[in-house]
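Right, one structure below, let's go through it.
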Amino acid sequence: MGTVVTVLVLLAIVAGVVYLVRSRQATQARELEDAKSEARRWLERLGGQVLNLVGTNEPAKQAIADASERYNAAGSQMEQARTTAQTRGVTETAYEGLYYVRAARTAMDLDPGPELPPLPGQARAGAVSEDRTVEVEGQGYSASPNPSDRNSHYYPGGNVAGRPVPAGWYSEPWWKPALVAGAWGVGSVLLFSTMFSGMSGVAYADGYQDGLAADGGDAGADAGGDMGGGDSGGDDFGGGFDF
């Protein structure tokens, strides 16, 4: 009798484990499908904007080009996404692209549309609040809260290779090499300090070290490395566009 009870208990345990595993797999499959559905929705909205929006000035053209690049990147990510986290990355990339769309529309004095979900680190990075021109290692750089022929490169704000880059319009996309390489080059500490120190509304208003500390970065290690060389609910927005 005791042996029968033991076998029944073991069978019950095995059945319970199998049920839990299958239940977890079913839940993960539903979460992945939900994430893919959300990502497709944002990707389609970005694609519609990229295909239908035509720039009428240099800042708008550049922002649309950047939006197009984000659209292509999100499409590639979508093809390779196998997990919920990877699929959510597609949605985030589509968000970035739509920020560039908003920037392009703003540059053409059009209604930019509703606010978008925030990007990681965007709030802490802040935004350029004044026109500023600096020279770093013999090269001139400028930043502005507004687009112009000189400041025609937009960045929506957020973390790049561990450092907060404020939202704004810049004379050149000096953050792009760090996006590709995953690290900042020599002299970047000086660029951040010179460009943003004392500017209200940005992470570096009180200095480079405080800017990194505010974003949870390791300022000392990062600086040392450099010096060493190294939805809107799916509604139409009106005005002829739908994000």
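The values are calculated or read from the model by the stated rules, or taken from the named source; none is laboratory data. This structure is a prediction, so every number in the text was calculated from the model and none was measured. We place every Cβ from the backbone using ideal geometry, glycine too, and count neighbours over all the protein chains shown. Note: accessible area is taken over every heavy atom of the protein model, side chains too, but ligands, DNA and RNA are not part of it. Shrake-Rupley method; radii C 1.70, N 1.55, O 1.52, S 1.80 Å.
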**OP:** For the chain, build the charge dipole from Cβ charges (+1 Lys, Arg; -1 Asp, Glu) around the Cα centre, then report which of G158, G2, M78 sits farthest towards its positive end.
**Re:** G2
**OP:** Mind sorting out which of (i) 18.2; (ii) 20.4; (iii) 18.7 is the real Kirkwood radius over Cα pairs in Å computed from the coordinates?
**Re:** (ii)
Original post:
What value, in deg cm²/dmol to 500, does the helix sum -39500 (n - 2.57) over DSSP H runs of n ≥ 4 give at 222 nm once divided by the residues of the chain?
Top reply: -18500 deg cm²/dmol
Subject >> Heavy-atom surface of the chain, accessible at 1.4 Å and reported per residue (Å²) >> reply: 52 Å²
**OP:** Highest first, please rank the peptides 167-174, 193-200 by the mean number of other Cβ atoms sitting within 10 Å of their residues.
**Re:** 167-174, 193-200
